[in-house]
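Following: one structure in structure tokens, then a few remarks.
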């Protein structure tokens, strides 16, 4: 009692429930619960309760209708074990249900779910005596009922969890009845939806329960939330098996009592009651411990005082309106969730694609980074190299400067040495003084060289000119050839032209001949016709001349007429014939004349054509002649030029010859003078030598001691230094003294 | 996957498979070294923690046991959401249960990609004489989908310890790889997929409904 009191503590929300529980529990009697008073009375009360239930069961219809609330309250107190089977059937209303009759046929039939059902049989109430035995009566009936239901309700088929409900029923009644009650439970109390393939009802129940927890046990709700302990983790089996897998069988039976009379609401109430009982403990536990606590300690706590626990459950009020509202909310959430899922799927797909892209880009970027690094390394190396090179250059420059300095020093030295040499020389020259003569000889040589160079140049010019001349003659020859070919070509052209014309003319002539022949033929035809006509006429002549003669006789004198008639009709005829023949001849002559005229015309045209040709040829000839003249003129000019250049060349040659001759002469002279001077030089040298030897002799005599000392010193020094410090090659002036 | 302040790595592992293939038995064997052939059908997801040491690293496994029947999957992917590893259990005497494993592989690959370590376990090898799932088929399939294959018997305690140990090693490897790539990415945009195992395990986990 006090424990429960503590549990609720100062929670205002639950105060009401608590007080009502307290009332029920402590007093156990109230004005409206007569029966209950007897229940808690003792052994006497039990008997009374039994007789009360006996009356109710035997008179169920009326009792249920008349005293509905009373019976319901009585059920809440727990149906006595002996009455439970029949009461459950009565509460479910399966007395005359048609399902019972179907059962027999279901048992014989085969179900698609058989295998799945069989799998769970051994795992349903495995500790219970009735179901323990493998393939025993209990397991068999369990299988039968569940198979029957899977056939009866094909949409639901079999669902894990339902076996426990069936098992609970089978503990109270035979298969057939159990099946009928199961069908009612499924149909009347939301359980069918709970076991449907989508199990949407279970989700809804979880949602409703979670909200009820949030409302009634806010602390616990917050704690569960913080531990991510979802309602379905502890409450799904409560709803699926109606606490048969959580609580002991007696307590499960009591819950089933109320479930059958009041519906699924009791499941929420019991669930909340359980949580209320364990609230204080749960608040201090973590997720794993919560799960263990709910599985083990919490049921034990509830079992400790079943009546108290049941009363606690009854005391919890669940507002049906609120449940409806939650149901609506849940459907809204679900539909939204489905939309969200679709969106999420799209986003996931996108994300995957983007990830792939990111990966690709990363690869690319890493490759680029590598390249960058490599480039930088290269750059650094290059810089290092350039630095090293710069240093080298500096060193080289320094070395160069040094070398130059040394060179300058060396040059200075050389200059000083040269100076000393010059001094020496000048000493000598004071004795000689012949350099001027040597210079004169050199001047002659130079002149000769100049002349030779000029000669060469002149020869070159001459060669060039010869080449130019040859070129020009070649060009002249070319031009002449061209000229000739041109002339030939033109004539050929004209001849071809004339031949064409001739052919044309001949064609015309042939045509004319043809027409002439035609005409002749026609003429001959006509003459033939005329001859024929004359012959015909002669045969027919006699009568016709008479008539005409008559007329003429009439016209002329009759005598004449007679004469004519008699003697000259034949002459007349002859004359006529002659006339005709002459005429024909005339025509023939005319045609001949025409022919001749044609020929004349032809000839005239031929003459014209030929004259034209002649004229053209004359023109061409003139042109060619002009061309030839021009070419000849050019040739003449070129020849003149050639002659000129040849002259020039000859001049130059002669000049060069002359100059070289002169140079040779001068050379000769110079050579002579040089020879003279050389003899003089040798004389001077002799003199000089004589003087030097004289001086040496004198010095030797004066300083022979000194010399000896010096020689000794020299010997010492030589011993010290293996190579002589001074040699006559490097310092000749020292050796001269 | 979280690293607790004490340096403990938390991994979430989920046991999946057809009903009655022995998921709960494997878990009980591993955690409590017990075998009970009279336990009840599992109707709601539950989990147990196991602490172990690998390569000097403290590791906490939160192993989730689930209800096998397909209908329960409709309640949503709450069991396997944020899992680091999945043990797909089948019964070597039941070919259908192996078909279920294939379905699970498909679903997990679809929902979690390659972020999850998969292990296929052929349970009940104590019933070798009743075997219907060919050995080669199971192993080649596992190979194909990139999962390790183990033969276990919760009853005879065969291969259970090895299975969990190997799974843990692989998860650790994957986690270290991921954190490596995570480090590599610090200078770039961080892509956080809600399915990466960055915020998982017993301390965060799931929120249903």
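Worth a mention:
- Meets criteria (within 14 Å of chain A (Cβ to nearest Cβ) and touching a helix residue (DSSP H, G or I) at 6+ places or on another chain (Cβ under 7 Å)) for residue B:96: no
- Scanning segment B:72-84 for residues being closer than 19 Å to residue B:22 by Cβ and more than 11 Å from every other protein chain (Cβ to nearest Cβ) gives a total of 1.
- Residue B:133 meets the conditions (1) within 14 Å of another protein chain (Cβ to nearest Cβ); (2) in a loop (DSSP other than H, G, I, E, B); (3) in contact (Cβ under 8 Å) with a residue 40 or more places away in the chain in every case but one. The failed one is (1).
- Top-ranked residue in segment A:188-202 [being in a loop (DSSP other than H, G, I, E, B) and buried (at least 20 other Cβ atoms within 10 Å of the Cβ); ranked as nearest to the other protein chains (Cβ to nearest Cβ)]: A:199
- Matching residues, segment B:49-71, being within 7 Å of chain A (Cβ to nearest Cβ) and farther than 17 Å from residue B:7 by Cβ: B:67, B:69, B:71
- Number of the condition not met by residue A:285 [criteria: (1) away from chain B (no Cβ under 14 Å); (2) not in a helix (DSSP H, G or I)]: (1)
- The set of residues in segment A:100-119 being within 59 Å of the chain's Cα centre (by Cα) and either away from every other protein chain (no Cβ under 14 Å) or part of a helix (DSSP H, G or I) (or both) consists of A:115, A:116, A:119.
- Positions within segment B:108-119 being in a helix (DSSP H, G or I), surrounded by fewer than 18 Cβ atoms within 10 Å (Cβ to Cβ) and touching a residue at least 12 places away in the same chain (Cβ under 8 Å), in sequence order: B:109, B:111
- Of all residues in segment A:122-139, those satisfying the criterion of being surrounded by 16 or more Cβ atoms within 10 Å (Cβ to Cβ) and either part of a loop (DSSP other than H, G, I, E, B) or at the interface with another protein chain (Cβ under 10 Å from one of its Cβ atoms) (or both) are A:122, A:123, A:124, A:125, A:126.
- Scanning segment A:180-187 finds no residues that are surrounded by fewer than 22 Cβ atoms within 10 Å (Cβ to Cβ) and either closer than 16 Å to residue A:125 by Cβ or facing another protein chain (nearest Cβ under 9 Å) (or both).
- Hits in segment A:215-249 (condition: at pLDDT 90 or above, within 12 Å of chain B (Cβ to nearest Cβ), assigned to a helix (DSSP H, G or I) and surrounded by 19 or more Cβ atoms within 10 Å (Cβ to Cβ)): A:224, A:231, A:234, A:235, A:236, A:237, A:238, A:239, A:240, A:241
- Test result for residue B:170, surrounded by 15 or more Cβ atoms within 10 Å (Cβ to Cβ), modelled with pLDDT under 95, away from chain A (no Cβ under 14 Å) and over 30 Å from residue A:342 (Cα atoms): yes
- Among the residues of segment A:147-165, some residue qualifies, meaning at least one is free of Cβ contacts under 8 Å to residues at least 24 places away in the same chain and farther than 22 Å from residue A:236 by Cβ.
- Scanning segment B:37-54 for residues that are closer than 17 Å to residue B:169 by Cα and touching a helix residue (DSSP H, G or I) at 6+ places or on another chain (Cβ under 7 Å) returns B:49, B:50, B:52, B:54.
- Checklist (1) within 14 Å of chain B (Cβ to nearest Cβ); (2) under 21 Å from residue A:86 (Cβ atoms) applied to residue A:158, failing item: (2)
- Inside segment B:63-80, residues that are touching a helix residue (DSSP H, G or I) at 6+ places or on another chain (Cβ under 8 Å) and under 10 Å from residue B:13 (Cα atoms) make up a count of 3.
- Some residue of segment B:120-130 being under 15 Å from the mean Cα position of the chain (by Cα) and either touching a residue at least 40 places away in the same chain (Cβ under 8 Å) or within 13 Å of chain A (Cβ to nearest Cβ) (or both): yes
- Selection of segment A:47-69 for residues being touching a residue at least 12 places away in the same chain (Cβ under 8 Å) and out of contact with any helix residue (DSSP H, G or I) (no Cβ under 7 Å at 6 or more places or on another chain) yields A:50, A:54.
The values are calculated or read from the model by the stated rules, or taken from the named source; none is laboratory data. Just so it is clear, the structure is predicted and the values come from calculations on it, not from any experiment. Don't worry about glycine lacking a Cβ; one is built from the backbone with ideal geometry, like all the others, and counts go over all protein chains shown.
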